[in-house]
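> Next up is a structure, given as structure tokens.
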Amino acid sequence: MLARFTQKIAQTFRPRSYVGLDIGNTTVRITRFRRGLTGPDEIVSLHQKLVVGDTVGPSSDAVAQQLRVLFQEHALHGVPVVVAMQTHWLFSRILTVPFTDPKKVAQVIPYETEELIPLGLDEVVLDHTIIDTREGESTVLVAAVPRDRMARHLELLAEAGVDPVLIDLDSLSLFHFYQYALMESAQDIVLLDIGASTSTMCLVSGGKLRAIRSFMIAGEALTR
């Protein structure tokens, strides 16, 4: 009874509206998701080309200014924001550890990861998510973002007036949308997001995430 009551409270008071933000090399993509109370959920997507000056790409100041304008024009300030970080900015691995207890998994992840990334643990922001458990072991996706890269990303968001409640990988965002749209599918599926300069891929088997990849072959290379 208490568990059902707690679940009901969580469902009642969680935000009904979220904003997903993806800042690419040439485009800003925003998705607003509203949960329906009695009807279907509402999903609205916005795309904005980034203004490129004389440099190779848009400056952080220019990106922040465009973000401020977008959030003001579409009344997005005050709505919880989830930001997608590009997979090619970080180091990621899928590991198997002999535990299913989340606390034990969290304790061993730094030791399991230390030899797999080219930077020291004090130079990265390290996080993980358990993507599968079976027979006393867990399959874990581990991500390590260089601290200076994370700091620059947060500075840009702060300059734009965006205070994210969560920073996720763009590849995981792709997988989460698959779960939302095709929750009952047990097929082996490759999810592919082709951007302007990078592409992101997720391999899904039996409804579980099995691999993520990011590579520098994308729309610009394909249209040359």
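The values are calculated or read from the model by the stated rules, or taken from the named source; none is laboratory data. Since the structure is predicted, the reported quantities are computational estimates derived from the model, not experimental observations. Cβ: placed from backbone, ideal geometry, glycine included. Neighbour counts: every protein chain shown.
> Since Arg68 meets every condition but one in (1) farther than 23 Å from Thr31 by Cα; (2) basic (Lys, Arg); (3) touching a helix residue (DSSP H, G or I) at 6+ places or on another chain (Cβ under 9 Å), which condition does it not meet?
Here Arg68 meets the rest and fails (1).
> Any idea which of (1) closer than 22 Å to Asp170 by Cβ; (2) in a loop (DSSP other than H, G, I, E, B); (3) of a type in the set (Gly, Ala, Ser); (4) modelled with pLDDT of 80 or more is the one Gly57 doesn't satisfy?
All conditions pass for Gly57, except number (4).
> While we're here: Scan region 109-122 and give yes if some residue there is touching a residue at least 24 places away in the same chain (Cβ under 8 Å), among the aromatic types (Phe, Trp, Tyr) and either out of contact with any Lys or Arg (no Cβ under 8 Å at 6 or more places or on another chain) or assigned to a loop (DSSP other than H, G, I, E, B) (or both), otherwise no.
No - not one qualifying residue is present in region 109-122.
> A follow-up question, please. Select from region 140-178 the residues that are within 22 Å of Leu192 (Cβ to Cβ) and modelled with pLDDT of 90 or more and write down the one among them that is surrounded by the fewest Cβ atoms within 10 Å (Cβ to Cβ). Walk me through it before giving the result.
Of region 140-178, the ones within 22 Å of Leu192 (Cβ to Cβ) are 141, 143, 168-178.
This time we only want the ones that are modelled with pLDDT of 90 or more, so: 141, 143.
On the way: Leu141: 22, Ala143: 24.
By that ranking, first place goes to Leu141.
> Quick one: what pairs do we get from region 75-90, first residue over 13 Å from Ile23 (Cα atoms), second surrounded by fewer than 16 Cβ atoms within 10 Å (Cβ to Cβ) and among the charged types (D, E, K, R), C-beta under 7 Å, 6+ apart or different chains?
none
> So which of Gly195, Gly206, Gly161 ends up being out of contact with any strand residue (DSSP E or B) (no Cβ under 7 Å at 6 or more places or on another chain) and free of Cβ contacts under 8 Å to residues at least 60 places away in the same chain?
Going through Gly195, Gly206, Gly161 in turn, just one is out of contact with any strand residue (DSSP E or B) (no Cβ under 7 Å at 6 or more places or on another chain) and free of Cβ contacts under 8 Å to residues at least 60 places away in the same chain: Gly206.
> Being in contact with a Ser or Thr (Cβ under 7 Å, 6 or more places away or on another chain), at negative phi and not basic (Lys, Arg) narrows it down to one of Leu166, Leu154, Leu174, so name that one.
Working: Leu166 fails: in contact with a Ser or Thr (Cβ under 7 Å, 6 or more places away or on another chain); Leu154 fails: in contact with a Ser or Thr (Cβ under 7 Å, 6 or more places away or on another chain).
It is Leu174.
Residue-wise test of (1) under 20 Å from the mean Cα position of the chain (by Cα); (2) at pLDDT 90 or above.
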residue	(1), (2)
Val69	no, yes
Glu73	no, yes
Pro80	yes, yes
Thr87	yes, no
Thr96	no, yes
Lys104	no, yes
Val108	no, yes
Glu114	no, yes
Gly120	no, yes
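> When the residues of region 110-125 are filtered to those that are of a type in the set (D, E, K, R) and touching a helix residue (DSSP H, G or I) at 6+ places or on another chain (Cβ under 9 Å), which remaining residue is nearest to Thr139 (Cα to Cα)?
Glu114
> Here's something else I'd like to know. Checking Leu121 against (1) over 24 Å from Arg152 (Cβ atoms); (2) surrounded by fewer than 16 Cβ atoms within 10 Å (Cβ to Cβ); (3) not acidic (Asp, Glu), only one condition comes out false. Which one?
The one condition Leu121 does not meet is (1).
> Considering every residue within region 91-99, establish whether at least one is under 14 Å from Asp168 (Cα atoms), in contact (Cβ under 8 Å) with a residue 40 or more places away in the chain, not polar (S, T, N, Q) and not in a strand (DSSP E or B).
No, every residue in region 91-99 fails to be under 14 Å from Asp168 (Cα atoms), in contact (Cβ under 8 Å) with a residue 40 or more places away in the chain, not polar (S, T, N, Q) and not in a strand (DSSP E or B).
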